[in-house]
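The structure is given below, and queries will be raised subsequently.
Please treat every number below as a calculation from the coordinates, not as lab data. These numbers were taken from a predicted model, which means no experiment stands behind them. All Cβ positions, glycine included, derive from the backbone under ideal geometry; neighbour counts span all protein chains shown.
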């Protein structure tokens with residue numbers, strides 16, 4: 001991981017976008033490994049938190065942005081995500097933003113940590129969506145290998161609870177790939 005996590009975020013978001021394009025209206029009610037969300041709710045959440053990420057980068061109050069987006073037609077989720085993704089990319093384009101201080105759900109942190117947090121969020125939910133859809137496309141193993149150490153540092157096992165929206169760390173199976181190890185670290189059943 002470099003001091004500039006934006007390229008990693010761009011790759012992670014592009015992968016989610018590609019997977020999202022495979023989702024049809026008949027998939028939206030499928031359950032996901034993220035227990036509180038079905039596929040529709042999971043996508044709604046990613047659109048919402050990506051909008052929050054964009055607003056933070058624009059200097060606005062991201063905490064005022066809902067973590068879910070409602071009112072999107074069943075066939076409009078890809079377009080909705082791609083729109084907020086463009087907004088987020090523009091909001092974080094200035095290199096100086098990486099050193100700025102921003103308030104996000106996990107505290108007041110430097111911009112690089114904000115971007116890193118949304119890398120973890122997006123990649124975790126990419127795994128959730130991939131599992132829910134029955135692995136329609138291979139996921140970029142290199143991304144998970146890059147994000148796993150970041151997740152271990154940002155979300156230590158001993159800090160799980162009310163302030164950390166991830167369950168207790170689970171043991172990954174011996175043959176787990178990087179995504180399954182990441183998912184296990186984030187408390188998902190693999």
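Under the 0.36 nm per residue contour assumption, what length would be gained going from the current alpha-carbon distance of residue 21 and residue 169 to full extension? Write out the running numbers ahead of the final one.
Numbers: separation 148, 0.36 × 148 = 53.28 nm, distance 3.05 nm.
Here the answer is 50.2 nm.
222 nm [θ] for the chain, helices only, -39500 (n - 2.57) per DSSP H run of 4+, per residue, to 500?
Numbers: 6 runs with 93 residues, N = 190.
That comes out to -16000 deg cm²/dmol.
Could you work out the relative contact order of the chain? I mean the mean sequence separation of Cα pairs under 8 Å and 6+ apart, divided by the number of residues, in percent.
On the way: 262 pairs, mean separation 45.0, N = 190.
Over the chain, the number comes to 24 percent.
Given 20 °C and 1.002 mPa s, compute D for the chain with the Stokes-Einstein relation, Rh being the Kirkwood radius over Cα pairs; round to the nearest whole µm²/s. Show your work: numbers first, answer last.
Details: Rh = 16.7 Å.
After rounding, the answer is 128 µm²/s.
With equal scatterers on the alpha carbons only and no solvent term, can you work out the Debye log10 of I(q)/I(0) for segment 91-188 at 0.18 1/Å?
Debye curve over Cα of segment 91-188, log10 I(q)/I(0) at q = 0.18 Å⁻¹: -0.89.
Next question, about the same structure. Rounded to the nearest 0.05, what FRET efficiency do residue 83 and residue 158 give with R0 = 45 Å and r taken as the Cβ-Cβ distance? Could you check?
It comes to 0.70.
Please identify which residues in segment 9-33 have an amide N closer than 17 Å to a label point set 7 Å out from the Cα of residue 136, following the Cα→Cβ vector.
The answer is 13-33, whose backbone nitrogens lie closer than 17 Å to the label point.
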